[in-house]
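Where a number appears in this text, it was derived from the coordinates with a stated rule and is not lab data. Predicted model only: the values in this text are computed from it and were never measured. Reconstructed Cβ throughout: ideal geometry from the backbone, glycine too, with neighbour counts over all protein chains shown.
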Amino acid sequence: MDTLLAEIAAVVGAANVLTGADVAARCVDWMSGAPCRAGAIVRPADTGELAATMRLCHAARQPVVTHGGLTGLVHGAEATPDEIAISLERMTAIEAVDPVGGSLTVQAGAPLQKVQEAAEAVDRQFALDLGARGSCTIGGNIATNAGGIRVIRYGMMRQQVLGLEAVLADGSVISSMNRMLKNNAGFDLKQLFIGSEGTLGIVTRAVLRLQPPTPDVRTALVACPSFAALTGLLAHMGQALGGSLAAFEVMWQSHYRLLTEESGRHTPPLVTDAPFYVILESLGTDPQSHAGQFSTALETALERELIADAVLAHSDAQRRGLWAIREDIEGLIEALAPLFTFDVSLPIPEMAAYVDTLERALARDRPGASMVTFGHLGDGNLHISIGAGSADADTRRAVEQLVYAPLAPLGGSISAEHGIGLEKRAYLGLSRSAEEIALMHALKQALDPHGLLNRYKVLAPEADPAPATETRP
């Protein structure tokens, strides 16, 4: 590897090839704090440097792992000592903003928040929003097809990308930097890379879609008396608010009570005896009409007994306080550590029964385990946090089986938005058919025949099929 690193240093500069203690000082998993174990970290400044680096790696058959903001939760950034990590931390430029055409061109290493701020500076908005907005990068958002809190209005990252550029395993550059809303000329090649977790190519630049500004934000926290009322509220608010409903974030009582009353980390805005709590957020343009529409929708929901109580945010500070309860992942870690986290997707009508079944299974098989549930209910995404008292491999596998096994009969998915990485690879067969997985392998073989890009992520080696495929109905 030393000879290869010297050749790469001639491309990116010696200061941008990190080895030894400089590598070990970096974490690849923000939740566990696990150190980076890569043989080196290479930091290209642009697409040209990355392409040249990959040509050298391809000639040497050197596997690489891509690093973005390192906020992922499925071990997608883990690297072994015989791998090189490619960090996009120097590729953060906002290259162009087109408020008329509604697009923004950016390098893939730019943090999401930087992109949001660049859009706001020209009176537009970039619609994707995540709790990790200050750290996660556009390239990572694209690679995992990130969702976040506004999916029900704007869709996932896939809907925000007009065009992109990617470097393939052999150093070839695929540049499809489309700026148009409509381009039906042949295959839409960008879709190959969105959600592929860096296994087919390394995204280097993107053209992102901007939306008109919605400066008037109305936020409320409400308590729901039952799951039937909860789903009724989702339907009601969607109809009453029309296209302005942007967030419908549900906290099961376990989440809300833990982070307020039990931990003392947040003052509970509402009493903690309801089974469900929802953060509702609506985005509008005219403050007067929007405020009236939002208040009327809540009043009607109260009259129909869809909600038992509500509190409205009357300032940005109050809004941030409500969201802080929902986004306090550090509080969950502190309370439940060692912690296992899951993001699953399933049909909304099945959610309550799924959570109840999982809670009973945990009580039966893992006495003393704690489980907390919240999620983007409007798009069918649940986040489940489980403290099982131990983080050893056997405990993890046992808990994973309890979480994932019920999803297949329900038509659910083992991953709603965080991807597969290494952590969920063995369970991919619960959510994808054998034919789908075979096609994924064919695409991987076509674009990366030597398996150099994020090797072993998402797809198991074909000679070592994932054990979970044997349990697929």
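Structure data summary
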{"quantity": "Stretch gain in nm, segment Gln113-Ala59, where the contour uses 0.36 nm per residue and the Cα spacing is subtracted", "calculated": "15.7 nm"}
{"quantity": "Length-normalised contact order for the stretch 2-87 - Cα pairs under 8 Å, 6+ apart - percent", "calculated": "33"}
{"quantity": "Simple spin-label estimate for Met1 and Val271 in nanometres, 7 Å along Cα-Cβ", "calculated": "6.0"}
{"quantity": "Residue exposure sequence - Phe342, Phe227, Phe187 - by fewest surrounding Cβ within 10 Å", "calculated": "Phe187, Phe227, Phe342"}
{"quantity": "Sequence-distant residues sharing a close amide H with Ala308 (under 5 Å, placed H)", "calculated": "Ala223, Cys224"}
{"quantity": "Three-way shape label, the stretch 216-327, alpha-carbon gyration tensor, a/c 1.5", "calculated": "oblate"}
{"quantity": "Lysines whose Cα lies under 24 Å from that of Lys114, excluding same-chain neighbours fewer than 8 positions away", "calculated": "Lys190"}
{"quantity": "Efficiency of FRET from Cβ geometry, Leu422 and Ala353, R₀ 22 Å, rounded to 0.05", "calculated": "0.15"}
{"quantity": "Relative contact order (%) - criterion: Cα under 8 Å, at least six apart; region: the chain", "calculated": "15"}
{"quantity": "Over the chain: helical MRE at 222 nm, DSSP H runs n ≥ 4 each giving -39500 (n - 2.57), nearest 500", "calculated": "-9500 deg cm²/dmol"}
{"quantity": "Value of relative contact order over the stretch 293-389, rounded to a whole percent, pairs C-alpha under 8 Å and six or more apart", "calculated": "29"}
{"quantity": "In sequence order, calculated HN-Hα J values of the stretch 297-313 (Karplus, 6.51, -1.76, 1.60; Hz; x Gly/Pro)", "calculated": "4, 5, 4, 5, 4, 5, 5, 7, 6, 7, 10, 9, 6, 7, 9, 9, 7"}
{"quantity": "Given charges at beta-carbon only (K, R positive; D, E negative), |dipole| of the chain in Debye", "calculated": "600"}
{"quantity": "Test item: Cα-centred dipole of the stretch 320-473, Lys/Arg +1 and Asp/Glu -1 on Cβ, debye", "calculated": "120"}
{"quantity": "Farthest positive-ward along the chain dipole, Cα basis, beta-carbon charges - from Thr296, Phe193, Ala324", "calculated": "Phe193"}
